[in-house]
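The values are calculated or read from the model by the stated rules, or taken from the named source; none is laboratory data. On a predicted model such as this, the values are computed, not experimentally measured, just so you know. Here the Cβ positions follow ideal geometry from the backbone for every residue, glycine too, while neighbour counts run over all protein chains shown. These area figures cover heavy atoms from the full protein model, side chains too; ligands, DNA and RNA do not enter into them. Shrake-Rupley method; radii C 1.70, N 1.55, O 1.52, S 1.80 Å.
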Amino acid sequence: MGNLHAGHISLMEQARAHGDTVVASIFVNRLQFGPNEDFDKYPRTFQADCDKLAAAGVDVLFAPTEADLYPEPQEYTVEPPAIQHQLDGEFRPGHFRGVATVVLKLFNCVQPQAAVFGKKDYQQLMVIRNMTRQLALPIDIIGGETVRAADGLALSSRNGYLSAAERAEAPRLYRELQRIRDAIRNGEADTVKLE
């Protein structure tokens, strides 16, 4: 959706290994935003995004307008299975329906051989991977590794919304998960306590 950061650029670099031409798309998709979400405030940094994509060697930027992708009210949608109502989807009804619908439209427009989606949005990756498989789309879906800031926070276009205190607190979950993982690997599973 734009407002690109190093995590997005790493996906472009991974895509280069899967084809001769790398296409990036930027489209802020109204269908995946709920009524009280940040569609109107979502950061749009188009020129900076273009500069980053050019520096990364992206061959084509596909940046359709809303009128291009939705020239009439979108009555047909892709309805993902129960996974769309779990985890993040429980709190964002309709989100994954909007994501799956626009991704299918983008795939139809661009017709890629492969597409790279970040593992940071793992639920989204699973929805797209399963949709592609079940609809028999001839596209390899590749999961790109999560890129993190030095303190461990996953890079996100919405990190800019965090206050200084929230930004300082945000990496704590990742550190705790790493600590728990390490304890389990060291055979300390029965003694792991949250700090």
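What the table shows:
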| read-out | value |
| --- | --- |
| Hits in the stretch 76-95 - residues which are among the hydrophobic types (A, V, I, L, M, F, W, C) and either within 23 Å of residue 23 (Cβ to Cβ) or without any contact (Cβ under 8 Å) to a residue 12 or more places away in the chain (or both) | 78, 82, 91 |
| The stretch 49-60, residues that are loosely packed, with under 13 Cβ neighbours inside 10 Å and out of contact with any strand residue (DSSP E or B) (no Cβ under 9 Å at 6 or more places or on another chain) | 51, 55, 57 |
| Residue pairs meeting the criteria (Cβ under 9 Å; at least 6 apart or on separate chains; first over 14 Å from residue 2 (Cβ atoms) and in contact (Cβ under 8 Å) with a residue 12 or more places away in the chain, in the stretch 47-75; second open to solvent by 70 Å² or more (accessible area, probe 1.4 Å) and outside any helix (DSSP H, G or I)) | 59/20; 59/21; 60/21 |
| Whichever residue in the stretch 15-33 is modelled with pLDDT under 95 and touching an Asp or Glu at 6+ places or on another chain (Cβ under 9 Å) and, among such residues, is nearest to residue 156 (Cα to Cα) | 18 |
| Complete set of residues in the stretch 98-136 that are basic (Lys, Arg) and either touching a Leu at 6+ places or on another chain (Cβ under 7 Å) or under 23 Å from residue 148 (Cβ atoms) (or both) | 105, 119, 120, 129 |
| Odd one out for residue 25 among (1) within 23 Å of residue 138 (Cα to Cα); (2) touching a Gly at 6+ places or on another chain (Cβ under 7 Å); (3) open to solvent by 30 Å² or more (accessible area, probe 1.4 Å) | (2) |
